[in-house]
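Worksheet: one structure, shown below.
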């Protein structure tokens, strides 16, 4: 089953203190399944890498290697960005940041669960009916 992938999960793949059993389980799911992200994800992903470099968790070369590795995964960036009115409506309805609302909007539009480690986005995904991706045991 395809799913919407939140940056909170991706961070767990390359930042040790953010790695969880859930982020690892989602990585395994990507061996067989397609993930979707809103276009915003690219900016969030780059910013996390920048912050990791600034804090000394990664150097620039390692950050570029992470980009290359993640680029090989079946992650499709959705270019159909909704307007601010749609994002604001979801953000207000579910008490989300506009960034998290972008992930929820994509999940609602595609009718896919969300893979996230963000508590507010989890709650919104459940409340909206798309749900949260459950890890599978192999």
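None of the figures in this text is laboratory data; all of them are computed from the coordinates on show. None of the values given here were measured: they were computed from a predicted structure. So basically every Cβ, Gly included, is an ideal-geometry build from the backbone, and we count neighbours across all protein chains shown.
Numerical summary
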| read-out | value |
| --- | --- |
| The stretch 6-22 versus the stretch 87-127: alpha-carbon centroid distance in Å | 19 |
| Degrees between helix 40-54 axis and first principal axis of the chain (Cα, 0 to 90, nearest 10) | 30 |
| Rg/Rh ratio calculated on Cα atoms of the chain (Kirkwood radius) | 0.96 |
| Gain in span if fully extended, residue 31 to residue 79, counting 0.36 nm per residue against the direct Cα distance | 15.0 nm |
| Contact order relative to length of the chain, as percent, for alpha carbon pairs under 8 angstrom and 6 or more apart | 32 |
| Label-reachable residues, the stretch 85-115, where backbone N falls under 18 Å from a point 7 Å from residue 2's Cα toward its Cβ | 102-115 |
| Cβ-derived FRET efficiency at R0 25 Å, residue 111 paired with residue 136, nearest 0.05 | 0.80 |
| Packing-based order for 63-69, 125-131, 102-108, using average beta carbon neighbours within 10 Å, highest first | 102-108, 125-131, 63-69 |
| Principal axis dimensions, largest first and in whole angstrom, of the stretch 10-71 by Cα | 33, 26, 17 |
| Between 0 and 90°, nearest 10: helix 119-128 axis offset from the chain longest Cα axis | 30 |
| Debye-sum result for the stretch 60-100 in log10 I(q)/I(0), which assumes one identical scatterer on each alpha carbon, at q = 0.20, 0.22, 0.23 Å⁻¹ | -0.72, -0.74, -0.75 |
